[in-house]
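Values in this text are rule-based calculations from the coordinates and carry no lab data. Since this is a predicted model, take the numbers as computed values, not measurements. Don't worry about glycine lacking a Cβ; one is built from the backbone with ideal geometry, like all the others, and counts go over all protein chains shown.
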Amino acid sequence: VFFRDEAGFEGDPRPRQRWVKRGSRPIQPYCGGHIRQNVVGAVNPRDGQLVSLIVTHNDTEIFQAFLDTMANEVPAEGSRVVLVLDNASWHKSKSINWHHIEAKFLPAYSPDFNPIERLWQHLKSHYLAGFLTKQGDELSDKLFESLRDLLKQPEILRSVCNTHHP
């Protein structure tokens, strides 16, 4: 079972609240830019397998490219491949080729049921915290390096996306 979603990442995010030493002035650069990239991904919380793409936007064509990639990376070796996803319009196009992947849709407005949401938060807080750029290529490179690092650590993916709570 894989859980799929997309998330946006900004190269120059708006300043956020942060802890600082009492009496000091925090330095938070902000250039006001709007450099943005999206990551689409699906994670299997059981074994830590991640399939992801860095994209500029989301639509039916991008979703089909993602499904094509996932079908290649997760072959149908005698077992079902289930993809749990939200109800975005591009997930419901009649022209979609699902390959050997079986779709299961989440109830509307239920991101808390999707463990990949925790992966996006982990990426933002552990890999991109404090990262600033005005260059789209630099943001793409940082996302690529971050995802590549996570692919080498399935135990982190399992831990962050764990659906079994003690």
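The table for this structure:
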read-out	value
Calculated P(r) tail over 16 Å for the stretch 83-166, as whole % of Cα pairs	65 percent
Within the stretch 73-166, chymotrypsin sites (Phe, Trp or Tyr not before Pro) in DSSP loop having at most 14 other beta-carbon neighbours inside 10 Å	Trp98, Tyr109
Expected 222 nm ellipticity per residue - DSSP helices of 4 or more, -39500 (n - 2.57), all of the chain, to 500	-8000 deg cm²/dmol
Point-to-point label distance, Gln121-Ala76, nm (Cα→Cβ direction, 7 Å offset)	3.5 nm
Hull-based mean projected area of the stretch 31-110, where the convex hull spans the alpha carbons, in square nanometres	6.9 nm²
Lysine pair count for the chain [Cα-Cα under 24 Å; pairs on different chains or 8 or more apart]	8
Stokes-Einstein D in µm²/s, Kirkwood radius over Cα pairs - the chain at 20 °C with 1.002 mPa s viscosity	124 µm²/s
Note, ³J(HN,Hα) from phi for the stretch 119-131, Karplus 6.51, -1.76, 1.60, rounded to Hz, x at Gly and Pro	5, 4, 5, 4, 4, 5, 8, 9, 10, 10, 4, x, 7
